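Peer 1: Below you'll find the structure I mean.
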Amino acid sequence: MLFCTPQEETEYREHFDGLHFVRWHPLSMDVLPAGGSKAEGVTRLAARLGFEPENIYAFGDNYNDMEMFQYADCSIAMGNAPEALRQLASHVTLSADQDGIWHGLKWTGLI
């Protein structure tokens, strides 16, 4: 995680081309290895466990979840997620502080 303003972001991107930066807050970005993302982690875990994308359920609430939503067959955005993530979601549930994950799991039929 890197705390910086959007104006400072350019300098980090220029000096650290081996890293992948994903802004999720006006003052913070996730810092990952180049090519890394939540989607990559989920993809690798699914391959190791023998799961297909149609058996993956992704929950998220910010821009750092967008690639994962594009990978998972079922993606559930928290109610407080930005509109760009909500547009990618299979379903939008309540915000995380309103038991959004529980409501999302109920919607999927997993509980």
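The values are calculated or read from the model by the stated rules, or taken from the named source; none is laboratory data. Predicted, not measured: the structure shown is a model, and the values here were computed from it. Heads up, the Cβs are rebuilt from the backbone with ideal geometry, glycines too, and the neighbour counts pull from every protein chain shown. With ligands, DNA and RNA removed, areas are computed over all heavy atoms of the protein, side chains included. Shrake-Rupley method; radii C 1.70, N 1.55, O 1.52, S 1.80 Å.
Peer 1: So Ser95 ticks every box in (1) open to solvent by 90 Å² or more (accessible area, probe 1.4 Å); (2) over 13 Å from the mean Cα position of the chain (by Cα) but one. Which box is left unticked?
Peer 2: (1)
Peer 1: Right, something else. Any idea how many residues of the range 27-48 are at pLDDT 90 or above, under 14 Å from the mean Cα position of the chain (by Cα) and either open to solvent by 80 Å² or more (accessible area, probe 1.4 Å) or of a type in the set (Val, Ile, Thr) (or both)?
Peer 2: 3
Peer 1: I've got another one for you. Tell me, which residue of the range 1-26 that is surrounded by 12 or more Cβ atoms within 10 Å (Cβ to Cβ) and in contact (Cβ under 8 Å) with a residue 24 or more places away in the chain is nearest to Thr108 (Cα to Cα)?
Peer 2: The initial filter retains those residues of the range 1-26 that are surrounded by 12 or more Cβ atoms within 10 Å (Cβ to Cβ), namely 2, 4, 8-9, 12-13, 16, 19-25.
Applying the additional criterion that residues be in contact (Cβ under 8 Å) with a residue 24 or more places away in the chain yields 2, 4, 22-25.
Numbers: Leu2: 34, Cys4: 37, Val22: 28, Arg23: 29, Trp24: 26, His25: 28 Å.
Among those residues, the one meeting the criterion is Trp24.
Peer 1: Anything in the range 49-85 that is closer than 19 Å to Leu32 by Cβ, open to solvent by 60 Å² or more (accessible area, probe 1.4 Å) and over 8 Å from the mean Cα position of the chain (by Cα)? List them, or say none.
Peer 2: Gln70
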